[in-house]
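This report concerns only the one structure given below.
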Amino acid sequence: MTVSLMKTLYPYQERVLQVLAQGRNVILVIPTGGGKTLAALLPFLQSCAFNDGTLPGKAVYVTPMRVLATQFTRTCHQLLEELNPPLIEPLRQRYAQFGRPLLSLQTGESPDDPQFESLITACTIDQLLASALGVPYSVDGARANINVGLPASAYLILDEPHLYPLNRQGQSCFGALTTTIELLRQLKDLTRFTFMSATLSRPLVEQLAQMIDAEVIEASDEELAALARGRQRVFRRVAEPLSAEQVLERHQRCSLVVCNRVERAQ
């Protein structure tokens, strides 16, 4: 079923829905602000709302940093409010019977869902990998096996994977990105996942697609032009010492501040 919970989607967002419905995994390469989160999450919510079994009944949104996981929960809360209420409300009531919200945050700072029991859990990559390896941070040793099956039984949305640690002590075999790719390679026939980024290079994307047997989805030139419509970048160079107050004075929606020293940035 391809009846959407929302009015209009970009064609690339429709393609994500169709590919996942066909039982394939996705590598999604879309510019920042292009709607990657909606593209990855909407097929899952649609599957749950219509109970069609297209995707697993649980989703895990994985980020490289706590702040991104927190940011996702805000975005997702807003999305759940905007979606078709008659389709979403039964899900909310079902989880309320078990004392769980539809959406939870599981990080070191906000360990709200240690056994990943909500419909959607946002977490950091270390939380997911530790659970998969049987050494979860979130539960004691007696319950460690509960989280081991999580990656194989949930729809995985992996955001900004290029920011996952590449190595530890100079050895790539210990890096979170390396471990994640191997995990997806082993899970590619067991569950569905969307691996998405705004900055992955074409050669890397092609290699990853072969390794984890996923279909690459990118925006067309026409879609990119539509995504950029109405947007404007403003560059300002200042000679005097920069302060947070100066940045906030000119800030409107999104500001990127580039400093020449870590101390200045802090």
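The values are calculated or read from the model by the stated rules, or taken from the named source; none is laboratory data. The structure displayed is predicted, hence computed values, not measured ones. Cβ atoms come from the backbone with ideal geometry, glycine included; neighbour counts cover every protein chain shown. Keep in mind that these areas ignore ligands, DNA and RNA; they rest on the heavy atoms of the full protein, side chains included. Shrake-Rupley method; radii C 1.70, N 1.55, O 1.52, S 1.80 Å.
Some points to look at:
- Within region 195-221, being outside any helix (DSSP H, G or I), among the β-branched types (Val, Ile, Thr) and in contact with an Asp or Glu (Cβ under 9 Å, 6 or more places away or on another chain) holds for Thr199, Val216.
- Phe193 falls short on exactly one of the conditions (1) out of contact with any Ser or Thr (no Cβ under 8 Å at 6 or more places or on another chain); (2) farther than 19 Å from Val29 by Cα; (3) buried (at least 16 other Cβ atoms within 10 Å of the Cβ), and that condition is (2).
- Any hit, region 124-137, residues being within 25 Å of Gly34 (Cα to Cα), open to solvent by less than 40 Å² (accessible area, probe 1.4 Å) and part of a helix (DSSP H, G or I): yes
- Here Ile27 meets the list (1) β-branched (Val, Ile, Thr); (2) farther than 19 Å from Ala214 by Cβ; (3) in a strand (DSSP E or B) almost entirely, failing just condition (2).
- Residues that are in a helix (DSSP H, G or I), open to solvent by 100 Å² or more (accessible area, probe 1.4 Å), farther than 19 Å from Gly35 by Cα and without any contact (Cβ under 8 Å) to a residue 12 or more places away in the chain, drawn from region 222-266: Glu245, Leu248, Glu249, Glu263
- Among the residues making up region 139-159, those that are modelled with pLDDT under 90 and open to solvent by less than 30 Å² (accessible area, probe 1.4 Å) are Val139, Ala144.
- So Ile88, is it in contact with a helix residue (DSSP H, G or I) (Cβ under 7 Å, 6 or more places away or on another chain), modelled with pLDDT under 90 and open to solvent by less than 70 Å² (accessible area, probe 1.4 Å): yes
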